[in-house]
Each structure stands twice: as C-alpha cells, then as structure tokens.
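J.: This is the structure I have questions about; it appears just below.
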Amino acid sequence: MSRIRSAALAVALVALATPVGAQTEKPTPAMVHAIGGTWQIDTARSEMQPPALAALLGPGGQRSAAPAPTTDSATAAPAAPSGGRRSGGGGGRGMGSRNPGGGGGNLRVLSTEIRVPRTLVLDVAEGSAVTTDVAGYQTRWTLDGKKRPVAQMEGGVVEYLGEWHGKMLLLEKGIPGGGSVKREFKPMGANELEVKLTVNIGKKLEQKLVYVRAP
C-alpha cells in the first residue's frame with residue numbers, strides 16, 4: 001500500500017513541476033509553411049488602429065523613426081553586407097532608448113512592433129523565426145517559450161519571447177515592468193493569416209489584422 005501511495009505522490013510532484021500550458025508538440029512542416037512567407041494586408045477586413053493607440057504613436061498613427069538596433073547579445077548575428085540592414089542575434093533585436101524607464105521611452109522601444117506593415121515578411125522554421133519591421137530591420141526570435149533579455153546600448157533591458165501555441169505562432173517583446181507588445185499569428189487557410197496585436201503600455205489595446213499571401 002505504501003508503494004502505491006509513493007508512486008501516486010511521485011506522479012503528482014511531476015505534474016506540479018510541469019509548467020502549465022508548456023508547449024511540447026513540435027510544429028509540423030505544414031504549420032511552419034502556413035505562417036512563413038510574404039503577406040499583403042487586406043485593409044477591407046483589418047481593424048482600424050484604435051484611437052488610443054494612434055494617439056500614443058503620434059500624428060498619422062506613426063511614430064518617428066526608431067533608433068537602429070544593437071547587436072549586443074550572447075550570440076550576435078553575422079554582419080550584414082555593406083549598405084544592408086543589421087539583424088539582432090540571440091533572442092532578438094535590441095532597441096536603444098534614452099529613457100528606458102519612462103512611458104515615452106518604453107513606447108519608443110516597442111514602437112516597431114506596434115506599427116503595422118502593409119507587407120509582412122515572416123521567415124519561419126521549427127525553432128526560430130525572423131521578422132522584418134516597417135523600417136526594414138530584422139529580428140531573430142528563438143521559439144522555445146523562454147524570455148530572452150537583451151541589454152540596450154543606452155541602458156535597460158528588452159525581453160523577447162517566441163513560442164508555438166498549437167498552430168499559432170506567438171511573438172512578444174517587452175520591458176520588465178514597463179509594458180509589452182504581443183503578436184499572435186494564426187493561419188486562416190492556405191493563403192490567409194490573422195494577426196492579433198495586443199499592446200499593454202499602461203492600458204491594454206488590441207487590433208486584429210488580416211493578411212493574404214503574396215503571389
């Protein structure tokens with residue numbers, strides 16, 4: 001009887017030690033293909049930018065150009081050819097901020113994830129993804145569900161998290177204690193992709209976008 005109880009207790013302890021919602025299933029090639037590629041926004045079916053979000057970004061809903069990324073990380077990406085864009089290494093691309101702790105500085109750091117690209121380029125593999133923002137800079141994400149901190153040139157830390165949730169790809173960029181931007185990429189068919197943007201900077205704002213695969 002004691003052996004049975006011991007075995008039951010061991011099973012319970014293993015269950016408690018397993019993170020809730022941990023992703024254990026690897027994406028299939030079909031899942032990767034369904035999200036990766038070049039996409040064009042469908043303005044007729046995409047939500048307009050929430051007024052509160054447009055106000056945060058400034059006139060026209062667009063923030064002024066964000067600073068160039070740093071490549072200071074544990075595993076920096078190879079340098080781009082002369083005249084090309086630089087890409088961040090390790091967990092993602094860092095964005096410098098003159099005021100990392102303030103609301104304006106936080107928004108400046110996260111603005112590249114908030115601005116909606118008309119053309120969405122996603123280079124997706126089983127364990128990694130590369131995104132290109134509206135300014136043409138690339139971010140490399142590791143899809144293991146772990147937050148990866150990247151130190152900024154002007155102080156502060158930005159955390160990058162990427163993971164698979166079933167058939168959906170989740171990418172999140174945040175500042176510890178200062179807000180975050182989360183993007184969820186969900187295939188709606190062979191040639192359609194829904195992107196849910198959740199911004200949490202003092203208040204929570206959401207926007208849903210629809211993209212169609214470029215020919």
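The values are calculated or read from the model by the stated rules, or taken from the named source; none is laboratory data. These numbers come from a predicted model, not from an experiment. Here the Cβ is made from the backbone with ideal geometry for all residues, glycine too, and neighbour counts use every protein chain on show. With ligands, DNA and RNA removed, areas are computed over all heavy atoms of the protein, side chains included. Shrake-Rupley method; radii C 1.70, N 1.55, O 1.52, S 1.80 Å.
J.: Between GLU154 and ASP42, what length in nm is gained on full extension when 0.36 nm per residue of separation is reduced by their alpha carbon distance?
T.: Using 0.36 nm per residue and subtracting the Cα-Cα distance, I get 36.6 nm.
J.: Give me the accessible area per residue for region 107-215, probe 1.4 Å, as a whole number in Å².
T.: 44 Å²
J.: Here is a further query. Take LYS26, project a point 7 Å from its Cα along the Cβ direction, then tell me which residues of region 116-145 have their backbone nitrogen under 11 Å from it.
T.: Those under the cut-off are 126-127.
J.: What is the gain in length, in nm to one decimal, between VAL212 and ASP123 on full extension, counting 0.36 nm per residue of separation less the C-alpha to C-alpha distance?
T.: Separation in residues times 0.36 nm, less the Cα-Cα distance, equals 30.5 nm.
J.: Quick query: amide H of SER46 versus all other amide H atoms, modeled in the peptide plane; which residues come in under 5 Å with a sequence gap of 5 or more or a different chain?
T.: Amide H neighbours of SER46, under 5 Å, 5+ apart: VAL210.
J.: Can I ask one more? Search the structure for amide H atoms under 5 Å from the amide H of LEU143, placed 1.01 Å from N in the peptide plane, and list their residues when 5 or more places away or on another chain.
T.: It is SER128, ALA129, by chain and number.
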